[in-house]
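The values are calculated or read from the model by the stated rules, or taken from the named source; none is laboratory data. The structure displayed is predicted, hence computed values, not measured ones. Note: ideal-geometry Cβ built from the backbone for every residue, glycine included; neighbour counts use all protein chains shown. Remember, those area values only see protein heavy atoms, side chains included, never the ligands or the DNA or RNA. Shrake-Rupley method; radii C 1.70, N 1.55, O 1.52, S 1.80 Å.
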Amino acid sequence: MATQQMPISIAIVRHQAGWRVISDAGSMGSYAYQVDAEEAALRFARAAKGAGRPVEVLLQQADGELRPFPG
């Protein structure tokens with residue numbers, strides 16, 4: 001019987017004057033621009049998927065809510 005793995009959550013969030021990419025394991029990097037954080041999050045997601053792990057990428061909205069990032 002195959003076991004289903006919990007997805008790795010990767011979030012792109014506002015942080016001080018820029019953006020931060022965080023995951024279940026902690027901070028993965030800080031970026032001055034949102035687009036750079038998005039690209040980094042997608043790279044991390046591809047690497048995790050390549051290792052066979054399910055991944056969800058979330059983006060913090062202006063109201064603070066985290067929503068799925070379609071990337």
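Just so you know, in the stretch 1-47 the residues that are in contact with a Pro (Cβ under 8 Å, 6 or more places away or on another chain) and of a type in the set (A, V, I, L, M) include one that is farthest from Pro68 (Cα to Cα), and it is Met6. The strands (runs of 3 or more DSSP E) found wholly in the stretch 1-45 and carrying at least 1 residues that are of a type in the set (Phe, Trp, Tyr) and open to solvent by less than 70 Å² (accessible area, probe 1.4 Å) occupy 18-23, 26-31. Being open to solvent by 70 Å² or more (accessible area, probe 1.4 Å), of a type in the set (A, V, I, L, M, F, W, C) and at negative phi is a property that Leu66 has.
When every residue of the stretch 57-65 is checked against the conditions, at least one turns out to be over 9 Å from the mean Cα position of the chain (by Cα) and assigned to a strand (DSSP E or B).
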